[in-house]
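Here the structure is laid out as structure tokens; the discussion comes afterwards.
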Amino acid sequence: MQDTPTPDQLLVAVAAFLREQAMPQLQGQASFHARVAANALDIVRRQLALAPTAEAAEAKRLRDLLQVEGSLVELNALLCARIAGGELGVHTPALVEHLWRVTLDKLAVDQPGYASYRRHAAPAPGDRT
């Protein structure tokens, strides 16, 4: 068992240092690169927290949609082949729902502050799930 700080705590601390200590003392390109580095650390932190669950759900949806077993990479390759071959398309409701969910899961990692993501990711009124 590892002691604190946890990887998440380390990522938060380094990003905070970059934003609160380094950036105010930097100018121009160096300040910009410090901001990019802090944002990259935030993305890594969200990826570590969210990707395992999102990828497991994605794989399950793909197995259900494609009716085959395989790794996430294999399932996505088969999905692409079936879309390219015309077997699946916008006429396939499960495909549309899957692609929408993948998009929202990716935005949760990359751009959780994106206004359209926040609107669509928020639970509907009365939805407790």
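For segment 51-63, a residue qualifies if it is crowded, with 16+ Cβ neighbours inside 10 Å, under 14 Å from the mean Cα position of the chain (by Cα) and not small (Gly, Ala, Ser), and exactly one does: GLU58.
Within segment 1-35, how many residues turn out to be of a type in the set (Asp, Glu), surrounded by fewer than 11 Cβ atoms within 10 Å (Cβ to Cβ) and under 21 Å from ALA49 (Cα atoms)?
Here the count works out to 1.
Filtering LEU107, LEU48 for residues that are open to solvent by 80 Å² or more (accessible area, probe 1.4 Å), part of a helix (DSSP H, G or I), in contact (Cβ under 8 Å) with a residue 12 or more places away in the chain and at negative phi leaves a single hit, LEU48. The set of residues from segment 64-82 being in contact (Cβ under 8 Å) with a residue 12 or more places away in the chain and open to solvent by 70 Å² or more (accessible area, probe 1.4 Å) comprises just one member, ASP64.
So which residues in segment 85-104 are over 12 Å from LEU65 (Cβ atoms), among the hydrophobic types (A, V, I, L, M, F, W, C) and open to solvent by less than 90 Å² (accessible area, probe 1.4 Å), if there are any at all?
LEU104
The values are calculated or read from the model by the stated rules, or taken from the named source; none is laboratory data. What you see is a predicted model; the values in this text were computed from it and never measured. Heads up, the Cβs are rebuilt from the backbone with ideal geometry, glycines too, and the neighbour counts pull from every protein chain shown. These area figures cover heavy atoms from the full protein model, side chains too; ligands, DNA and RNA do not enter into them. Shrake-Rupley method; radii C 1.70, N 1.55, O 1.52, S 1.80 Å.
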